[in-house]
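Here the structure comes first, spelled out in structure tokens, and everything after it is commentary.
The values are calculated or read from the model by the stated rules, or taken from the named source; none is laboratory data. Since the structure is predicted, the reported quantities are computational estimates derived from the model, not experimental observations. With ideal geometry, Cβ positions are generated from the backbone for all residues, glycine too; neighbour counts draw on all protein chains shown.
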Amino acid sequence: MRYLRVWRRYLLISLALVMEYRVNFLVSVLTGLVELGLAVLTFVLMFRFTNDVAGWSRAEVLMLAGVYRVVDALITLQVSPNMHAIPEYVQEGQMDFVLLWPVSSRFTVSVRLMNLPALGNLVSAVALIVYAGNQAGVRWSPGGVAEAAAFMLCGVVLLYCLWFLIVTCSFWLVTLDTISDLFYGVFEAARYPVSFFRGVLRVVLTFAVPVAFATTFPTQSLLGAADTRLLAVGVVLAAAGLVLTQLFWSYAVRHYSSASS
Amino acid sequence: MRALRIVRRLVLLNVMATLEYRGSFFIYMLNAVIVPLITLMVWLAVSEQGVRLPYSREQLVTYYLTLSVVSIVCSTWLAEYVAEAIRLGKLSSWLLRPAPYILHDIGNNIGEKVVKLPMLLPLVGLAGLLFRGEVHLPSDPARWLLFLACLPVTAAIAFLLDFVLGSLAFWVQDVSGLIRAKSLVGAFLAGEFVPLALFPHEVSGFLDLQPFRYTLSFPIEILTGQLTPARTAQGFAVESAYIVGLWACYRLMWRYGLRSYSAVGA
């Protein structure tokens, strides 16, 4: 409960920031539209040559592009501003203050910053999902949407864990301030269904670097083609991810040589 | 001549500065290889549907591996910095120096690339090992010469385009949205995701004339060997026109821009 109150306070601060820089919101929505348009165009060009790629039709892949935009918006909203900030805290000694605050340090560094303009991109993303879904002949049901949302939540949590794991290394690699950029190479793979990749790579992208839970499985849920057992796997993986990163974080914090000591 | 000496100095300075952050730059290089590889995998999946693409499997592999290298050689990141220098008045200290501001960015651009390339090439080599026997580089020395001649011109176009864009900050308050939009659209029209040869035939006239082809795609097209001599010559003509045009733009913008420049210290 107390954590929820703290998070609400962070939210209000971010809201004040958005109000201050209103043009940013507009710019974010417009560039979001450009990104969405280019993703659609890429798939349209790709499907000029064939009607299906690895079992995916054009409409289905466009749905996935919409799902990717939703995940991207969620990550930009709550995860990425914080992941970029963590190496800075360590470098500039701000971790001192974080450790002094009477809430879990991992909680603070993970949720303090929010990039609210990203919310604007949810509208166009959902519009694309609905439009492409109708083309793909999706029969919308509350169950399917809930299942998709659950998969997506697991996916976002897993991506956060992976990213958090990477940036936690900055306690040792202090000068590596771009360490968080490593994540983007991985996230790029989430733009496509995992079945586009073969062999070991597909297994890696499903379980080790779990982009499949973020985009492929939610899209399949909406299409009514998801393996529900995987949802249980996702929940277990997400829970394990949260616990493991917590352990690693506590271990790493003990190695923190603050700015003043 | 004096400008050359200054650039040489600035390049050395930037090489030192970049080496200081070598770890960070190594991560950039990893991404510069991984992202094209992912796109390559996707196109290979398409080609395995048994459809006839205008590109063979080998050409796709060669295209995307070459793209890793060319995209770094021709990369720019300066628009944001130019805009910031103008907006915050960092430019003022340069106006006192007996050298034009653009040399500062030229030095930075070349200096960073001198460090980046030796990190990148082994990574591309590793990626090449994954596709042993499927990378088809031309054996014809003439084509390599054309490619090598084309690279610096292409890098210069990408550089000038960014510089001109950032210079808009003389008149426009916030150009960051514009810069972001340009980098998205520019990457797309430069063939980063879809090789330009895979676009519909009807738009090829437009694709050949738009500037972004000459910020990345054109040298790769020369090397992967799908251009007729006539189209190669035409490409070089368009490239030269862009260099001249962008240079003129830069000179004009800075002549009038500096007059209206009113940041701190001006």
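I'd like to check something: does the stretch B:96-117 contain any residue that is without any contact (Cβ under 8 Å) to a residue 60 or more places away in the chain, of a type in the set (A, V, I, L, M), assigned to a loop (DSSP other than H, G, I, E, B) and closer than 21 Å to residue B:8 by Cα?
yes
Note down all Cβ pairs under 6 Å where the first residue falls in the stretch B:137-150 and is in contact (Cβ under 8 Å) with a residue 40 or more places away in the chain, the second is surrounded by 15 or more Cβ atoms within 10 Å (Cβ to Cβ), and they're at least six residues apart or on different chains.
B:146/B:222; B:147/B:219; B:147/B:222; B:147/B:223; B:150/B:219; B:150/B:222
What tally of residues in the stretch A:4-25 results from selecting those that are under 22 Å from residue B:182 (Cβ atoms) and either under 22 Å from the mean Cα position of the chain (by Cα) or at pLDDT 95 or above (or both)?
Within the stretch A:4-25, residues that are under 22 Å from residue B:182 (Cβ atoms) and either under 22 Å from the mean Cα position of the chain (by Cα) or at pLDDT 95 or above (or both) number 2.
State all residues of the stretch A:187-200 that are part of a helix (DSSP H, G or I), without any contact (Cβ under 8 Å) to a residue 40 or more places away in the chain and touching a helix residue (DSSP H, G or I) at 6+ places or on another chain (Cβ under 7 Å); if no residue qualifies, say none.
A:188, A:189, A:194 - these are the residues of the stretch A:187-200 that are part of a helix (DSSP H, G or I), without any contact (Cβ under 8 Å) to a residue 40 or more places away in the chain and touching a helix residue (DSSP H, G or I) at 6+ places or on another chain (Cβ under 7 Å).
Which condition number does residue B:99 fail, the rest of (1) within 14 Å of chain A (Cβ to nearest Cβ); (2) touching a helix residue (DSSP H, G or I) at 6+ places or on another chain (Cβ under 6 Å) being met?
For residue B:99, the failing item is (1).
Looking at the stretch A:92-143 only, could you name the residues that are of a type in the set (A, V, I, L, M, F, W, C), outside any helix (DSSP H, G or I) and over 16 Å from the mean Cα position of the chain (by Cα)?
A:101, A:103, A:136, A:138, A:140 - these are the residues of the stretch A:92-143 that are of a type in the set (A, V, I, L, M, F, W, C), outside any helix (DSSP H, G or I) and over 16 Å from the mean Cα position of the chain (by Cα).
Do we have residue B:59 as part of a loop (DSSP other than H, G, I, E, B) and either among the aromatic types (Phe, Trp, Tyr) or out of contact with any Leu (no Cβ under 8 Å at 6 or more places or on another chain) (or both) here?
Here the answer is no, as residue B:59 does not meet what is asked.
Quick test for you: out of A:16, A:73, A:39, pick the one residue that is in a helix (DSSP H, G or I), more than 10 Å from every other protein chain (Cβ to nearest Cβ), touching a helix residue (DSSP H, G or I) at 6+ places or on another chain (Cβ under 7 Å) and not charged (D, E, K, R).
On inspection, the qualifying residue turns out to be A:73.
From the residues in the stretch A:19-36 that are over 18 Å from residue A:68 (Cα atoms) and more than 10 Å from chain B (Cβ to nearest Cβ), which one is surrounded by the fewest Cβ atoms within 10 Å (Cβ to Cβ)?
A:20
Considering only the stretch B:192-209, state which residues are in contact (Cβ under 8 Å) with a residue 60 or more places away in the chain and in a helix (DSSP H, G or I).
B:197, B:198, listed by residue number.
With respect to residue A:82, determine if the residue is in a helix (DSSP H, G or I), under 24 Å from residue A:156 (Cβ atoms) and more than 14 Å from chain B (Cβ to nearest Cβ).
So residue A:82 fits the description; yes.
Condition (residue is among the small types (Gly, Ala, Ser), within 19 Å of the chain's Cα centre (by Cα) and within 14 Å of chain B (Cβ to nearest Cβ)) applied to the stretch A:190-211: is it met by at least one residue?
Yes, some residue in the stretch A:190-211 is among the small types (Gly, Ala, Ser), within 19 Å of the chain's Cα centre (by Cα) and within 14 Å of chain B (Cβ to nearest Cβ).
Return the residue satisfying two criteria in turn: it lies in the stretch B:37-55 and is at the interface with another protein chain (Cβ under 8 Å from one of its Cβ atoms) and aliphatic (A, V, I, L, M), and of such residues it is surrounded by the fewest Cβ atoms within 10 Å (Cβ to Cβ).
This residue is B:51.
Would you say residue B:218 is on the phi < 0 side of the Ramachandran plot, under 21 Å from the mean Cα position of the chain (by Cα) and at pLDDT 95 or above?
Yes.
Say we look at the stretch A:214-227 and pick out the residues that are over 22 Å from residue B:40 (Cα atoms) and in contact with a helix residue (DSSP H, G or I) (Cβ under 7 Å, 6 or more places away or on another chain); which of these is surrounded by the fewest Cβ atoms within 10 Å (Cβ to Cβ)?
Ranking the candidates gives A:224 first.
For the list (1) over 20 Å from residue A:75 (Cβ atoms); (2) at the interface with chain B (Cβ under 8 Å from one of its Cβ atoms); (3) modelled with pLDDT of 85 or more; (4) surrounded by fewer than 21 Cβ atoms within 10 Å (Cβ to Cβ), I need the number of the one condition that residue A:184 fails.
(1)
Looking at (1) buried (at least 18 other Cβ atoms within 10 Å of the Cβ); (2) touching a residue at least 60 places away in the same chain (Cβ under 8 Å); (3) more than 14 Å from chain A (Cβ to nearest Cβ), find the lone condition where residue B:29 falls short.
(3)
Read through the list (1) in contact with a helix residue (DSSP H, G or I) (Cβ under 6 Å, 6 or more places away or on another chain); (2) surrounded by fewer than 19 Cβ atoms within 10 Å (Cβ to Cβ); (3) more than 14 Å from chain A (Cβ to nearest Cβ), then give the number of the only condition that residue B:8 fails.
(1)
Checking the conditions here, which among B:185, B:244, B:203, B:172 is surrounded by fewer than 19 Cβ atoms within 10 Å (Cβ to Cβ), among the hydrophobic types (A, V, I, L, M, F, W, C) and more than 14 Å from every other protein chain (Cβ to nearest Cβ)?
Being surrounded by fewer than 19 Cβ atoms within 10 Å (Cβ to Cβ), among the hydrophobic types (A, V, I, L, M, F, W, C) and more than 14 Å from every other protein chain (Cβ to nearest Cβ) holds for just one of B:185, B:244, B:203, B:172, which is B:244.
Tell me the residue from A:135, A:91 that is within 14 Å of chain B (Cβ to nearest Cβ) and surrounded by fewer than 19 Cβ atoms within 10 Å (Cβ to Cβ), please.
Unique residue meeting the criteria: A:91.
Select from the stretch A:170-181 the residues that are surrounded by fewer than 20 Cβ atoms within 10 Å (Cβ to Cβ) and within 11 Å of another protein chain (Cβ to nearest Cβ) and list them in ascending order.
Of everything in the stretch A:170-181, those that are surrounded by fewer than 20 Cβ atoms within 10 Å (Cβ to Cβ) and within 11 Å of another protein chain (Cβ to nearest Cβ) turn out to be A:173, A:174, A:175, A:177, A:178, A:181.
Taking the options A:54, A:65, name whichever one is under 18 Å from residue A:136 (Cα atoms), within 10 Å of chain B (Cβ to nearest Cβ) and touching a residue at least 60 places away in the same chain (Cβ under 8 Å).
None of the others qualify; the one that does is A:54.
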